[in-house]
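The values are calculated or read from the model by the stated rules, or taken from the named source; none is laboratory data. Quantities reported herein were computed from a predicted structural model and do not represent experimental measurements. Just the protein is used for accessible areas: all its heavy atoms, side chains included, with ligands, DNA and RNA removed. Shrake-Rupley method; radii C 1.70, N 1.55, O 1.52, S 1.80 Å.
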Amino acid sequence: SLLIYFPSLYHDFVVDDGALVVGNPYIKSWKYLAEILTKDAWNISEATNYWRPVFSISLALDYSVWGLNPIGFHLTNILLHAINTVLLYLLGKRLQNSTSAGLFASLLFALHPIQAHTVNVISTRGDLLAAFFTLLSLQAFFSRKTIPFAIALILALLSKETSMVFPVAVLFAWIMIQREKQGLGVILGFVILGLYL
C-alpha cells in the first residue's frame, strides 16, 4: 500500500478537494467545531444530507498540522489505507483461521485499482475512515468487546453514511459464524443505527 500510493504525495488537490479542503473555512479554525459537529460536510456551499463530522474533523486535524500543503492530506489517506489493509489481514486470518486467507484478502484490497480514487482524492477520505472504524468494530464484535464495538460503529457512521449497512453485516456474521453470546452486539448495532437514522 505504501509503495504503490507513495507517488500520490506529489499530487495536488483534485475534484471536490477544492470545495471540501481548499475552500472550506470550517476546517481552518477550531472555532467552527460546533458547525463541524452539527452541519453537513458540504455546509460551505449547499445544503445536503452528508453529515460526516469525523471526516471533517480529520480534515481539520490535517489542516492544523499541514496547512494547505497537499502532501500531508495525501499522507493521511495513504496511512489510513495501509492500516485498513492490516486490519483486513487480521480479520481474514481470524475468520478463516488461516494466514494465507488473510494475506490474500488484504493484498487484493490493498492493490486493487478500485482503491485508487479513494486513496488519491482527499474528499473521499470518508470511505477510508468508514472502512477503518468498521474493521475495528468487527474486530471488537468478534472479540466480544461491546463498548469498543459500539464506539467504533458510531465513528464509522459519523465518517460516511454507507456504514449504515454494517449492522446488517454483523447480523449475518452472527448467524453464519458465531451465534452464541453475540445477540447483545447485534441488538446494540441496530439500536445505534436507529439512533443515527
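Rolling a 1.4 Å probe over the protein heavy atoms of the chain, with every protein chain left in place, gives an accessible area that is 69 percent carbon and sulfur.
Helix 166-176 and the longest principal axis of the Cα set of the chain meet at an angle near 20°.
Where only protein heavy atoms count, and the probe is 1.4 Å, what is the accessible area per residue for the chain in Å²? With the other protein chains kept in place, the chain gives 52 Å² per residue. Between the Cα long axis of helix 53-66 and the first principal axis of the chain there is an angle of about 50°, rounded to the nearest 10.
Comparing 187, 83, 122 in a Gaussian network model of the chain (Cα springs below 10 Å), the most mobile by mean-square fluctuation is 187. Entry note: the chain has Rg to Rh equal to 0.99, where both radii use alpha-carbon atoms and Rh is the Kirkwood radius.
Helical content of the chain, expressed as a calculated mean residue ellipticity at 222 nm, amounts to -20000 deg cm²/dmol (DSSP H runs of 4 or more residues, -39,500 (n - 2.57) each, divided by residue number, nearest 500).
Rounded to the nearest 10 degrees, the inclination of helix 125-142 to the longest alpha-carbon principal axis of the chain is 20 degrees. Put simply, region 1-104 fits an ellipsoid with semi-axes of 31, 18, 11 Å; these come from the alpha carbon gyration tensor as the roots of five times its eigenvalues, largest first.
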